[in-house]
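Each reported figure results from applying straightforward, stated rules to the coordinates on display, with no laboratory input. Since this is a predicted model, take the numbers as computed values, not measurements. Glycine also receives a Cβ, built like all others from the backbone with ideal geometry; neighbour counts cover every protein chain displayed.
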Amino acid sequence: MPAPTKTDHAYLSLRRMILDGELAPGDVLDQEALAAMLSLSTTPIREALRRLESERLIVSRAHRSTEVAPLSFESLKQTYAIRIVLDSMAVELAAANATEDQIKEMRRCAKLPRQKDDPLARLQKNRAFHQAIYSACGNDILIDILDSLWDLSDRYRIVVLRNTPAAEAARSEHDAILEAVVSGQRRKAGQLMREHLEQSLATITRVVKPK
């Protein structure tokens with residue numbers, strides 16, 4: 001695997017800061033300030049910003065200014081509408097195709113410590129479980145699409161996790177999905193995933209929907 005480039009470093013650092021909320025929606029991104037913060041020139045910063053804009057994590061405004069993309073309730077609904085369909089497809093494929101090693105990885109991710117007081121750790125644990133399922137679906141294009149949708153939905157989920165206690169319901173939902181996959185029950189796995197994401201959307205909506 002080739003070593004990460006300076007552009008890769010800039011991209012990954014800025015992406016993490018956006019997803020973690022360190023760079024908040026609406027924050028203006030000054031290339032020189034970011035370059036100084038990351039000890040880089042402005043060239044890799046500029047290239048990184050282009051990649052982030054293609055992922056809808058930042059937006060360009062008039063007069064060449066760039067800022068972190070706002071959190072839009074409409075964008076949230078659209079993102080979850082797609083995820084509900086594609087996550088359900090992925091878990092059904094995983095139920096049909098998962099190997100023993102892939103099932104072991106799903107079980108490992110499902111048992112990761114909960115870390116109730118660390119919202120970011122909770123977010124990463126949840127993503128690890130879903131990605132273990134994606135890895136077993138056997139469709140690389142589907143995996144890439146779902147990964148990009150996760151980046152969009154995580155910006156909303158981190159807001160929720162910082163404002164609500166850890167829920168036992170999500171853990172039990174993961175356990176039920178996992179057992180459906182392990183037993184090869186494709187339709188059940190797909191339905192459970194759909195219900196899981198619908199519940200997630202409802203929880204996020206209660207926190208972020210405009211009053």
Exercise for review: Could you check the simple spin-label distance between ASP8 and GLU179, using points 7 Å along Cα→Cβ, in nm with one decimal?
Suggested key: 4.2 nm
Check your understanding: What does the stretch 73-208 give for Rg and for Dmax, in Å, if only its C-alpha atoms count?
Key -> 13.9, 40
Practice item. Check each of the GluC sites (Glu not before Pro) in the stretch 1-66 and keep only those in coil by DSSP with at most 13 other C-beta atoms within 10 angstrom; list them in order. Key: GLU22
Study note, to complete from the structure: Any trypsin sites (Lys or Arg not before Pro) in the stretch 14-82 that lie in a DSSP loop and have at most 12 other Cβ atoms within 10 Å would be ARG61
Revision key, fill the gap. Listed with the fewest Cβ neighbours within 10 Å leading, THR79, THR7 appear as THR7, THR79
Revision key, fill the gap. Two pseudo-spin positions, 7 Å from Cα along C-beta at ILE141 and at THR99, lie apart in nanometres by 2.3 nm
Revision key, fill the gap. Phi-derived 3J(HN,Hα) across the stretch 83-94 with the Karplus relation (6.51, -1.76, 1.60, θ = phi - 60°), rounded Hz, x for Gly and Pro, is 4, 4, 6, 6, 4, 5, 4, 4, 6, 5, 5, 5
Revision key, fill the gap. So, for the Cα atoms of the stretch 6-68, Rg and Dmax in Å stand at 10.4, 27
Review point. With charges set only on the Cβ (+1 for Lys and Arg, -1 for Asp and Glu), what does the dipole of the stretch 171-211 come to about its Cα centre, in debye to the nearest 20?
Key: 240 debye
Review point. Residue farthest toward the positive end of the dipole of the chain, with Cβ of Lys/Arg at +1 and Asp/Glu at -1: which of THR5, TYR156, GLN102?
Key: TYR156
Check your understanding: Along the stretch 48-61, what does the Karplus equation 6.51 cos²θ - 1.76 cosθ + 1.60 (θ = phi - 60°) give for ³J(HN,Hα), rounded to whole Hz, x for Gly and Pro?
Key -> 5, 5, 5, 5, 5, 5, 5, 8, 6, 8, 9, 9, 8, 10
Exercise for review: Please report Rg over Rh for the stretch 1-129, where both radii come from the alpha carbon positions and Rh follows the Kirkwood definition.
Suggested key: 1.05
Review point. Under a point-charge model restricted to the Cβ atoms of Lys and Arg (+1) and Asp and Glu (-1), what is the dipole moment magnitude of the stretch 6-68 relative to its Cα centre, in debye to the nearest 20?
Key: 220 debye
Point to revise | Sites SER41 and ARG61, calculated FRET efficiency, Cβ-Cβ separation with R0 25 Å, nearest 0.05 | key: 0.60
Point to revise | Charge dipole (debye, nearest 20) of the stretch 101-208; +1 at Cβ of Lys and Arg, -1 at Cβ of Asp and Glu | key: 300 debye
Study note, to complete from the structure: Under the Karplus relation with 6.51, -1.76 and 1.60 and θ = phi - 60°, whole-Hz ³J(HN,Hα) for the stretch 42-47, x at Gly and Pro, equal 6, 4, x, 5, 4, 5
Check your understanding: Taking the chain, how many lysine pairs are there with alpha carbons less than 30 Å apart, if each pair must be eight or more places apart or span two chains?
Key -> 18
